[in-house]
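Since the structure comes first, as structure tokens, the remarks are kept for the end.
The values are calculated or read from the model by the stated rules, or taken from the named source; none is laboratory data. Predicted model only: the values in this text are computed from it and were never measured. Using ideal geometry, Cβ is built from the backbone for each residue, glycine included, and neighbour counts are taken over all protein chains shown.
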Amino acid sequence: MRAYYQEFAECLTGQGLPSQLLETGDGIFVDTGDSDSDRESYAFARTTCEQQVGQFPDPPPPPTDEELRWLYAENVQVAACLRDHGFAVVEAPSEEVFVETYRASLSGGPAPWHPYPADISGEAERACPQVDLVERYQG
């Protein structure tokens with residue numbers, strides 16, 4: 001999905017609507033503006049890009065508990081890597097709390113724990129790449 005959204009963001013940017021891939025890789029940010037003409041421009045660009053890139057893919061099914069436990073273990077390893085590189089990392093919750101908060105976040109609850117510092121300039125991710133559950137299970 002990351003590759004699809006990256007290509008779509010590049011298409012929108014090429015259509016004159018600066019767009020960027022979300023850090024999570026599961027969507028894009030586009031500042032569509034507030035005026036009617038801005039919305040019309042976005043609608044035209046989106047239609048053009050859907051013709052070039054294809055329709056938005058269906059979202060993946062919610063992760064299983066096994067997948068969330070895997071994600072938790074991977075993020076704990078990333079947290080250790082970040083600490084080894086001198087980054088401040090928020091202490092991980094228990095695996096059970098992580099799974100519960102992740103599930104709640106899918107229904108609009110607060111985001112689950114992740115190991116990256118809030119002020120991520122890219123340096124932390126270059127040192128310790130993010131784990132991508134969607135890429136792992138969907139290719």
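With respect to the conditions (1) closer than 15 Å to residue 116 by Cβ; (2) surrounded by 14 or more Cβ atoms within 10 Å (Cβ to Cβ); (3) acidic (Asp, Glu), residue 84 lacks only one, and its number is (2). Report yes if residue 13 is farther than 25 Å from residue 124 by Cβ and not assigned by TED's automatic domain parsing to the domain that holds residue 126, otherwise no. Against the criterion (farther than 25 Å from residue 124 by Cβ and not assigned by TED's automatic domain parsing to the domain that holds residue 126), residue 13 qualifies.
Exactly one residue out of 98, 87, 29, 8 is of a type in the set (Phe, Trp, Tyr), outside the structural domain of residue 131 (by TED's automatic domain parsing) and within 22 Å of residue 129 (Cβ to Cβ): that is 29.
In this structure, residue 131 does not satisfy being of a type in the set (A, V, I, L, M), at pLDDT 85 or above and surrounded by 13 or more Cβ atoms within 10 Å (Cβ to Cβ). Residues in segment 1-47 that are free of Cβ contacts under 8 Å to residues at least 40 places away in the same chain, of a type in the set (Phe, Trp, Tyr), within 19 Å of residue 59 (Cα to Cα) and in contact with a Ser or Thr (Cβ under 9 Å, 6 or more places away or on another chain): 29 only.
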